[in-house]
Amino acid sequence: MFLDASAIVAILGGEPDGPELAGRLNGAKTSFFVSPLVMFEASASLAAKLARETGLPRDAALLAKAETAVREFVTSLGAQEMSVSPDIGRKALEAAQTYSRLVDHPAQLNFGDCFAYACAKAYRIPLLYKGNGFAQTDLR
């Protein structure tokens with residue numbers, strides 16, 4: 001199962017749908033995967049969320065704290081960090097041409113979403129995500 005940054009942030013950030021997403025992880029009978037882009041996006045998003053909710057300054061220390069939390073979470077799952085190959089890059093661009101905000105598709109995938117889609121598609125694995133965007137693609 002490929003983990004999108006949105007799912008990681010929902011779980012670590014205590015969002016309302018976090019427990020449901022965590023339950024899906026706990027019930028999964030599969031290996032878990034992330035990419036360097038997911039690690040970056042989840043860390044940056046979690047740091048921004050912490051800054052908004054706590055009033056802490058957006059600085060290197062907060063980003064490092066968020067990165068540590070994300071890395072510890074991913075490690076606790078035994079998730080493997082996969083490389084982003086040229087083929088995945090092409091699949092991400094195809095996803096953008098089909099499902100992104102750039103082409104006004106209802107899925108409204110952004111940059112990170114397109115790469116998460118491409119990773120899941122390339123490895124033919126399910127994708128754990130928050131929201132409805134990916135449900136409007138051909139991922140099953």
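Every number in this text was worked out from the coordinates using simple rules, so none of it is lab data. Worth saying up front: this structure is predicted, and the values here are computed from it rather than measured. A quick note on method: Cβ atoms are made from the backbone with ideal geometry, for glycine too, and the neighbour counts reach across all protein chains shown.
Below are the figures for this structure:
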read-out: Electrostatic dipole magnitude of the chain [Cβ: Lys, Arg +1; Asp, Glu -1; Cα centre; debye, to 20]; value: 180
read-out: Environment charge at LEU12 (Cβ cut-off 10 Å; Lys +1, Arg +1, Asp -1, Glu -1); value: -1
read-out: Neighbourhood charge, 13 Å Cβ-Cβ cut-off, centred on PHE33 and excluding it, Lys, Arg +1 and Asp, Glu -1; value: 0
read-out: Contour excess over end-to-end distance, with Cα ends at ARG58 and GLU15 and 0.36 nm allotted per residue; value: 13.5 nm
read-out: Mean residue ellipticity (222 nm) of the chain, computed from DSSP H runs ≥ 4 via -39,500 (n - 2.57), nearest 500; value: -19000 deg cm²/dmol
read-out: Amide proton proximity set for PHE33, modelled H, under 5 Å, gap of 5+; value: PHE2, LEU3, GLN80
read-out: 10 Å-binned pair-distance histogram of region 23-85 (Cα, whole percent); value: 21, 43, 28, 7
read-out: Label-point separation in nm, ARG71 to VAL103, each point 7 Å along Cα→Cβ; value: 3.7
read-out: For LEU109, distant residues with modelled amide H under 5 Å away; value: SER100, ARG101
read-out: Model label zone, PHE111; criterion: amide N under 15 Å from point 7 Å along Cα-to-beta-carbon; scope region 26-68; value: 36-45
read-out: Sequence-distant aspartates and glutamates (8 or more away, or on other chains) whose Cα lies within less than 12 Å of LYS130; value: ASP4, GLU15, ASP17, GLU20, ASP113
read-out: Debye-sum result for the chain in log10 I(q)/I(0), which assumes one identical scatterer on each alpha carbon, at q = 0.12, 0.19 Å⁻¹; value: -0.46, -1.13
read-out: Contour minus Cα-Cα distance for LYS29 and LEU93 (0.36 nm per residue); value: 20.0 nm
